[in-house]
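The values are calculated or read from the model by the stated rules, or taken from the named source; none is laboratory data. These figures come from a predicted structure and were not determined experimentally. Quick reminder, even Gly has a Cβ in these numbers, built from the backbone with ideal geometry, and neighbours come from all protein chains shown. Note: areas computed on protein heavy atoms with side chains; ligands, DNA, RNA excluded. Shrake-Rupley method; radii C 1.70, N 1.55, O 1.52, S 1.80 Å.
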Amino acid sequence: MNKKKSIKSLKEFFLITIGTAIVASAVFFFLIPSHLSIGSISGLAVVLANLIPLPVSMITMVLNLLLLVVGFIFIGKEFGGKTVYTSILMPCCLRVLEWAFPDTTSIMGDPFVDMVCYLFIVSIGLAILFNCNASSGGLDIVTKLLNKYLGMEMGTAMSLSGMAVALSAFFFYDLKTVILSILGTYLNGIVLDHFIFGFTVKKRVCIISQKETEIRQFILQNLHSGATIYESIGAFNMEPRREIITILDKNEYQKLMRFLEKTDTDAFVTIYNVNKIIYRPKVRG
C-alpha cells in the first residue's frame with residue numbers, strides 16, 4: 001500500500017512539474033514580451049520590472065516567497081505543500097527559460113494574439129494542475145486571505161486581486177496594453193472558474209421509473225454510490241410513485257445515463273449541477 005502511495009505521489013508531482021512548466025512557458029513566451037499584466041504574480045512582476053532592475057523570474061520568486069511567509073502566518077493548515085512547491089518551481093522555470101532564451105521577443109508580433117495564445121497554453125497547464133488538486137500559487141494566497149479575513153467569495157476575491165494587477169499596467173504602459181491586460185484577466189478568470197469548478201462539479205440525478213429496483217441496484221452495486229428514495233404523488237392521477245435521487249461525478253453520471261437508455265427509455269429524469277457537497281462519510285464496520 002505504501003509503495004502504491006509513493007508511486008502515486010511521484011506521478012502527481014511529476015504532473016504538477018509539467019503543468020507548472022507549461023504555465024511558465026506561457027508567461028515567458030507570450031506575457032513578458034507583450035508587457036501584459038494579466039492577473040497573476042508573474043503579471044505583477046512584469047510591471048514591477050519597470051521599477052526593479054531584476055529579471056521577471058527573480059521578482060516572481062521574491063513575491064512568491066513573501067506570500068508563502070504571509071500564508072503560513074495567516075492561513076496555516078489550509079496552506080498545502082503543493083502550493084509551496086509550485087510557488088518556488090514557477091520562478092525557477094522562468095529563470096531557466098531566461099537563461100535558455102535571453103533575447104526573446106514577441107513570437108506573434110501582436111499583443112492581442114499573444115494574449116490569446118497565453119490563455120490557450122495556460123489553460124492546458126491549469127488543467128493538469130487542478131486535476132492534481134494543485135495551483136500555480138501566487139495570487140491564490142491573496143485570494144485565500146481575502147476570503148478568510150474579509151469574507152469575500154473565492155471567485156470575487158480572485159477577480160479583485162487579478163484586476164488590481166491588470167490595472168497596475170496603467171502606470172507604465174499605453175492604453176492598449178492596459179485594456180488587453182484587463183480583458184486577458186477577465187478571460188483568465190473564466191478559464192480558472194472552468195477548471196476550479198469543472199473538476200469538482202457533480203450531477204444530482206432524480207429518477208422516476210417503473211424499473212426502480214433495477215436502477216437502484218445499478219447505482220448501489222455497479223456505481224458504488226449512494227441514493228435516497230422519496231415517496232411522491234403524481235398530481236395528474238394522484239398515484240403514489242418513488243423517486244430515486246443520487247449525486248454522481250461525471251464518469252458515474254455517463255454510466256447511469258447509458259444504463260437508463262437500455263433499461264427504461266420512459267423514465268422521467270431531471271438533472272442538476274452540484275458545486276459543493278458537505279457530508280460525513282459513513283463508517284463501515
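Tell me, rounded to the nearest percent, the portion of alpha carbon pairs in the range 85-226 spaced more than 21 Å apart. I get 60 percent for the Cα pairs in the range 85-226 exceeding 21 Å. Over the residues of the chain, the helix contribution to mean residue ellipticity at 222 nm works out to -19000 deg cm²/dmol, using -39500 (n - 2.57) for each DSSP H run of at least 4.
Taking label positions 7 Å along the Cα-Cβ direction at both Ile190 and Ile52, the computed distance is 3.2 nm, reported to one decimal. The alpha carbons of the range 1-70 stretch over 52, 28, 19 Å along the principal axes, in descending order. Between Cys206 and Phe171, the FRET efficiency estimated from the beta carbon spacing at R0 = 51 angstrom works out to 0.40. The calculated P(r) of the range 128-176, using every Cα pair and 5 Å bins from 0, goes 5, 19, 20, 20, 16, 11, 7, 2 in percent. If R0 is 25 Å, the Cβ-Cβ spacing of Thr213 and Tyr272 corresponds to a FRET efficiency of close to 0.55. Sorted from longest to shortest, the spans of the Cα atoms of the range 147-260 along the three principal axes equal 69, 30, 29 Å.
Among the listed pairs Lys148/Lys255; Lys4/Lys144; Lys203/Lys262, those with a Cα-Cα distance over 29 Å are Lys148/Lys255; Lys4/Lys144.
Screening the chain for whole DSSP H helices with an alpha carbon extent of at least 30 angstrom along the helix axis and a mean Kyte-Doolittle hydropathy of at least 1.0 yields 175-198. Electrostatic bookkeeping for Thr213 treats Lys and Arg as +1 and Asp and Glu as -1; over the other residues with beta carbon under 13 Å from its beta carbon, the sum is 0.
Kirkwood analysis of the Cα pair distances in the chain returns a hydrodynamic radius of 21.7 Å.
Using the 1.4 Å probe convention, the accessible area of the chain works out to 60 Å² per residue with neighbouring protein chains retained. Cα convex hull, the range 40-154: 129 Å³ per residue, rounded to a whole number.
Translational diffusion coefficient of the range 64-118 (Stokes-Einstein, Kirkwood radius from Cα pairs, 10 °C, 1.306 mPa s): 116 µm²/s. Electrostatic bookkeeping for Glu252 treats Lys and Arg as +1 and Asp and Glu as -1; over the other residues with beta carbon under 10 Å from its beta carbon, the sum is +3. Split the accessible area of the chain by element, probe 1.4 Å, and carbon with sulfur accounts for 63%.
Across Gly151, Gly125, Gly71, mean-square fluctuation computed from a Gaussian network of the chain (C-alpha pairs under 10 Å connected) peaks at Gly151.
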